[in-house]
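The values are calculated or read from the model by the stated rules, or taken from the named source; none is laboratory data. Just so it is clear, the structure is predicted and the values come from calculations on it, not from any experiment. Here the Cβ positions follow ideal geometry from the backbone for every residue, glycine too, while neighbour counts run over all protein chains shown.
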Amino acid sequence: MKNLLKMMDLTSGEITEILDLADKLKQEKKESIQHHLLKGKTLGMIFNKPSTRTRVSFEVGMYELGGTALYLNSKELQLGRGEPIEDTARVLSRYLDAIMIRTFSQQEVEELAAHSTIPVINGLTDYCHPCQVLADLMTIREYKGGFEGLKLCYVGSGNNMANALIVGGIKTGMEVSAACPGGCEPALEIIDWAESHGDFILTDNCREAARDADVICTDTWISMGQEAEAASLVEKLKNYQVNEELLEAAKKDAIVLHCLPAYRGREITASVFEKHSGEIFDEAENRLHVQKAVLVKCMAG
């Protein structure tokens, strides 16, 4: 695996390999076993969007693997002054061993990878958030013991998380449902792919989507860059909240996941968030272990 650009690029086998390695690295961290698998390697981290979990997990992950991570704010790079991305890619390829980029446009990530001779990892775009969804899948497997026979339900805006969760859920063999209001659906190509490759339903009815679900996932209603649309998005999504009433439609032992940050009272109630905080913060921790696994797969083979 050279790059991680989007969930669609990963095979089911590659997803399993990443999760297996993440499990191994997590257990070894608990046992204080250190493997400097990336000793002497350097990761450049380009940020066009602010971050907590992405930055810290990649930076700590590289340190624990024996390598070095460089924080690169795009505004402080020539990229921020209009240097063509293909030139930035070719220069950074001569300095670094891999690039992680967190930005708005998926096309920017794809172009960076096309002109780089080193691995490129998508730390988030408006289209897809593969690193987060791999952590979600890791958490689901920890809590449920596997994926077979499970139903994954997403409730909320059809954003980057929805796109990636739908693909990740289907590629691991789960039934997947998504409840999104009109005008906030996932990407059309994701819907078309899901309908032809798995057991998938898209509806505007939250209870229908959540019926007998083993896993309920949600995300903030307003993604970075959508602040100007906040009022209209809140109005569209006000009935798409993960609350106690919605969970009544799911299985009694259903887990709840949220990629964070969570805005209590909007996409999730404070009571549901706290009741399921164990799962949610295990999910957040698993970003570290999955990131390390992705780094090893991309940079060490």
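Exactly one residue out of D282, D199, D253, D214 is in contact with a Ser or Thr (Cβ under 7 Å, 6 or more places away or on another chain) and either surrounded by fewer than 19 Cβ atoms within 10 Å (Cβ to Cβ) or not assigned by TED's automatic domain parsing to the domain that holds E64 (or both): that is D282. The single condition among (1) in contact with a His (Cβ under 6 Å, 6 or more places away or on another chain); (2) assigned by TED's automatic domain parsing to the domain that holds S57 that K292 does not meet is (1). If only residues of the stretch 1-53 that are over 18 Å from the mean Cα position of the chain (by Cα) and acidic (D, E) are counted, the one that is farthest from E111 (Cα to Cα) is E31. The test for being closer than 25 Å to L4 by Cα, of a type outside the set (D, E), at pLDDT 95 or above and touching a strand residue (DSSP E or B) at 6+ places or on another chain (Cβ under 6 Å) does not hold for H289.
Condition check: of a type in the set (A, V, I, L, M, F, W, C), under 30 Å from V60 (Cα atoms) and part of a loop (DSSP other than H, G, I, E, B). Does L260 satisfy that? In short, yes. Which of the residues belonging to the stretch 107-128 are farther than 19 Å from L96 by Cα and not hydrophobic (A, V, I, L, M, F, W, C)? Of everything in the stretch 107-128, those that are farther than 19 Å from L96 by Cα and not hydrophobic (A, V, I, L, M, F, W, C) turn out to be Q107, T125, D126, Y127. Within the stretch 261-289, track down each residue that is under 25 Å from L65 (Cα atoms) and in contact (Cβ under 8 Å) with a residue 60 or more places away in the chain. D282, E283, A284, N286, R287, L288, H289 - these are the residues of the stretch 261-289 that are under 25 Å from L65 (Cα atoms) and in contact (Cβ under 8 Å) with a residue 60 or more places away in the chain.
R207 meets each of the listed conditions (1) touching a residue at least 40 places away in the same chain (Cβ under 8 Å); (2) surrounded by 22 or more Cβ atoms within 10 Å (Cβ to Cβ); (3) farther than 30 Å from E86 by Cβ apart from (2). In this structure, K39 does not satisfy being in the same structural domain as R94 (by TED's automatic domain parsing) and either in contact with a strand residue (DSSP E or B) (Cβ under 6 Å, 6 or more places away or on another chain) or assigned to a helix (DSSP H, G or I) (or both). If the condition is being of a type in the set (F, W, Y) and in a loop (DSSP other than H, G, I, E, B), then the stretch 200-234 contributes only W221. For the stretch 88-113, a residue qualifies if it is farther than 20 Å from A187 by Cβ and free of Cβ contacts under 8 Å to residues at least 12 places away in the same chain, and the qualifying residues are V91, R94. Among the residues of the stretch 60-67, none qualifies, meaning not one is at pLDDT 95 or above and under 27 Å from I190 (Cβ atoms).
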